[in-house]
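Notes follow once the structure below has been shown.
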Amino acid sequence: MKKLHPFTLGASVVSAHQPLNEQSPAIATMQQIDDHHLWSLPQEMSVAEARKRLLSAPGIVFLVTDASGRWQGVVGAAELAPNRILTMVSKTVTPFSLTLGDVMQSRDKLQAVTLNELQFATVVDVLRTISSTAARRLLVVDADDKLCGIIDAEDITERLSLPAEPKRSLAAEIVHQLHESHKLAVNP
């Protein structure tokens, strides 16, 4: 049997969600995925159930896994936002029939950076990288190409207290979608 050696924490120990500034180490922006089962949801899970989970863990991006436990994509607040869900509604698709497999950001559409290059970068470097791509997130992989983290642009913006990017109004798009899917008549 191995003997463990407990010790008193010093002042140098920081919490996982420490305050950020633009010159903070980029690694501080990463949501670590030590055991993906703690941060994963099945792709068959309903969007309604996933929204409940997300509310209990704000700021978390979940891995979406298939029946065999392999991760297929990611889902966070952006994918589960009501306005996004409404754009997917049709005569045959209701908000209650949508699953995570329908709304997730597929793994083949995600971009990654290496843990090694992240260790020598700052938050500004991460923001520049994200803004130069169409991605809202970056995956972080280690030297063995093992997923070890996720960086989310919305999380960084919130933690830096930056003004959020203005969201486009989707009201007209939603009305149009409902009109088309339910063959609603327009009153002159």
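Residues being under 18 Å from the mean Cα position of the chain (by Cα), assigned to a strand (DSSP E or B) and under 22 Å from E158 (Cβ atoms) are represented in region 86-105 by at least one member. Hey, any hits in region 73-87 for a residue that's in contact with a helix residue (DSSP H, G or I) (Cβ under 7 Å, 6 or more places away or on another chain), hydrophobic (A, V, I, L, M, F, W, C) and either open to solvent by 30 Å² or more (accessible area, probe 1.4 Å) or on the phi > 0 side of the Ramachandran plot (or both)? Yes, the conditions are met somewhere in region 73-87. Among residues of region 110-129 being part of a helix (DSSP H, G or I) and either closer than 15 Å to L147 by Cβ or among the charged types (D, E, K, R) (or both), the one that is least open to solvent (accessible area, probe 1.4 Å) is L118. Annotation: of all residues in region 48-72 being within 13 Å of the chain's Cα centre (by Cα) and among the small types (G, A, S), the one that is least open to solvent (accessible area, probe 1.4 Å) is A50.
Taking residues in region 31-59 that are under 28 Å from D142 (Cβ atoms), and partners anywhere that are open to solvent by 50 Å² or more (accessible area, probe 1.4 Å) and at pLDDT 90 or above, the pairs with Cβ atoms closer than 8 Å and at least 6 places apart or on different chains are P42/A67; Q43/Q72. Summed over region 98-107, the residues that are open to solvent by 20 Å² or more (accessible area, probe 1.4 Å) and in contact with a helix residue (DSSP H, G or I) (Cβ under 9 Å, 6 or more places away or on another chain) give a count of 4.
In region 44-62, which residue that is in contact with a Gly (Cβ under 8 Å, 6 or more places away or on another chain) and not in a helix (DSSP H, G or I) is modelled with the highest pLDDT? Ranking the qualifying residues of region 44-62, first place goes to E44.
Taking the conditions exactly as written (closer than 23 Å to S40 by Cβ and touching a strand residue (DSSP E or B) at 6+ places or on another chain (Cβ under 8 Å)), does V126 satisfy them or not? No, not satisfied.
The values are calculated or read from the model by the stated rules, or taken from the named source; none is laboratory data. Predicted, not measured: the structure shown is a model, and the values here were computed from it. Positions of Cβ are backbone-derived with ideal geometry, glycine not excepted, and every protein chain shown enters the neighbour counts. Just so you know, the surface numbers come from the protein's heavy atoms only, side chains and all, with ligands and any DNA or RNA stripped out. Shrake-Rupley method; radii C 1.70, N 1.55, O 1.52, S 1.80 Å.
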